[in-house]
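Quick one: this structure, given as structure tokens, is what I'll be asking you about.
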Amino acid sequence: MTATRGFGIDIGGSGIKGALVDLEKGQLIGERLRIDTPRPSTPEAVAEVVAQIVQHFSWDGPVGVTLPAVIKKGVAQTAANIDPGWIGTDADALFAKRLDRTVDQISMLNDADAAGMAEIRFGDPAARHGVTALLTFGTGIGSAVFHDGKLVPNTEFGHLEVDGHDAEKKAAASVKDNEGLSYPEWSQRVDRYLSVLENLIWPDLFIVGGGVSKKSEKWVPLLNIRTKVVVASLQNNAGIVGAAAAAVEGIEH
């Protein structure tokens with residue numbers, strides 16, 4: 001193992017993904033492995049899947065892990081689109097034990113924060129200046145906010161109240177699929193959400209990511225907000241890359 005390689009795991013509401021990462025290029029090394037998130041997604045069940053992925057790659061170094069949750073000193077404080085049993089779980093200790101690592105070999109991060117860190121480092125250079133907000137559209141909506149490239153950890157702007165509703169209940173990518181919305185229909189909801197958020201934090205740039213970023217040409221041009229919007233350069237692999245970098249550098253929130 002060299003410092004130019006790392007390993008990241010991205011835990012989502014529908015899938016758990018892991019891969020080796022080239023930390024000089026910000027790219028996956030080979031194919032990632034994705035396994036469906038277990039039902040129920042209890043800490044023990046998820047840890048078992050994470051162990052399967054790590055073992056698949058025969059990786060024996062530090063591991064970065066993202067969760068769709070507020071993370072404080074390795075402990076999950078919330079649980080968005082995963083089992084509520086995560087709340088109060090010492091995720092550092094859980095994964096260290098299951099992966100046979102020391103606690104300092106595990107780096108736990110909020111999933112959107114990890115994705116944002118990867119985009120700030122490897123994506124559009126404009127993101128490193130001023131206020132940048134990355135938003136991941138998937139099972140829910142994750143957010144990461146940066147000021148001059150420095151992360152403000154654990155923002156939960158996917159849960160803003162918009163027109164009387166939790167934003168992600170109306171504008172997450174999963175809602176598009178579940179309600180059978182067309183891209184134009186769904187983009188109107190995203191546009192409304194982003195207009196509320198931009199009036200709250202006045203960002204210089206929005207970066208949109210998550211699985212739906214692969215089809216960005218179908219909805220991003222339909223957005224009608226004042227803030228510039230760019231598509232995440234790493235698309236849905238940003239969380240893995242950010243987690244791997246955090247693990248090598250010992251970053252945790």
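Using r as the Cβ-Cβ distance of residue 104 and residue 215, and R0 as 41 Å, what FRET efficiency do you calculate, to the nearest 0.05?
After rounding to 0.05, the efficiency reads 0.55.
Sticking with this structure for a sec: Using the Cα centre as the reference, give the magnitude of the dipole from point charges on the C-beta atoms of the chain (Lys, Arg: +1; Asp, Glu: -1; all else neutral), rounded to the nearest 20 debye.
Computed charge dipole of the chain: roughly 360 debye.
Give a residue-ordered list of calculated ³J(HN,Hα) values for the range 30-44 (Karplus: 6.51 cos²θ - 1.76 cosθ + 1.60, θ = phi - 60°; whole Hz; x for Gly, Pro).
x, 7, 7, 10, 10, 10, 4, 5, x, 10, x, 8, 5, x, 5
At a 1.4 Å probe radius, carbon and sulfur cover how many percent of the accessible area of the chain?
On the way: 5370 of 10820 Å².
Roughly 50 percent of what the probe reaches on the chain is carbon or sulfur.
Expressed as an acute angle from 0 to 90° and rounded to the nearest 10, what is the orientation of the C-alpha long axis of helix 183-201 relative to the principal long axis of the chain?
80
Okay, next question. Keeping all protein chains in the complex and leaving out DNA, RNA and ligands, what accessible area do you get for residue 165 with a 1.4 Å probe, in Å² to the nearest 10?
80
Let me ask something additional. Taking the alpha-carbon distance from residue 150 and a cut-off under 21 Å, which lysines remain once sequence neighbours fewer than 8 residues away in the same chain are dropped?
Counting by Cα, and skipping residues close in sequence, residue 150 has these lysines nearby: 25, 72, 73, 228.
Okay, next question. Looking at the chain, send over the antiparallel percent of its DSSP beta bridges, to the nearest 5.
Roughly 65 percent of the beta bridges in the chain run antiparallel, per DSSP.
Amide H of residue 15: which non-local residues (sequence gap of 5 or more, or other chain) have their own amide H closer than 5 Å, using H built in the peptide plane?
For residue 15, whose amide H was placed from the backbone, the distant partners under 5 Å are 37.
Normalised by the number of residues in the chain, what is the relative contact order in percent for Cα pairs under 8 Å and 6+ residues apart?
Across the chain, relative contact order equals 24 percent.
Can you tell me the convex hull volume per residue for the range 53-210, based on C-alpha atoms, in Å³ to the nearest whole number?
136
Note down the relative contact order for the range 194-253 as a percent, whole number, built from C-alpha pairs under 8 angstrom at least six residues apart.
Relative contact order comes out at 37 percent.
Sequence-distant or interchain residues sharing an amide H contact under 5 Å with residue 27, placed H: which?
Counting only residues 5 or more places away or on other chains, the set is 22.
Mind pulling the angle between the C-alpha long axis of helix 111-122 and the longest principal axis of the chain? Nearest 10 degrees, somewhere in 0 to 90.
90
With every protein chain left in place, what is the accessible area per residue of the chain in square angstrom, probe 1.4 Å?
Numbers: 10820 Å² over 253 residues.
That works out to 43 Å² per residue.
Using only C-alpha positions, report the orientation-averaged shadow area of the convex hull of the range 24-132, nm², one decimal.
So the Cα hull casts an average projection of 7.8 nm².
The values are calculated or read from the model by the stated rules, or taken from the named source; none is laboratory data. Quantities reported herein were computed from a predicted structural model and do not represent experimental measurements. When we count neighbours, we look across all protein chains shown, and the Cβ atoms used for this are built from the backbone with ideal geometry, even at glycine. These accessible areas exclude ligands, DNA and RNA; they are computed on the full protein's heavy atoms, side chains included. Shrake-Rupley method; radii C 1.70, N 1.55, O 1.52, S 1.80 Å.
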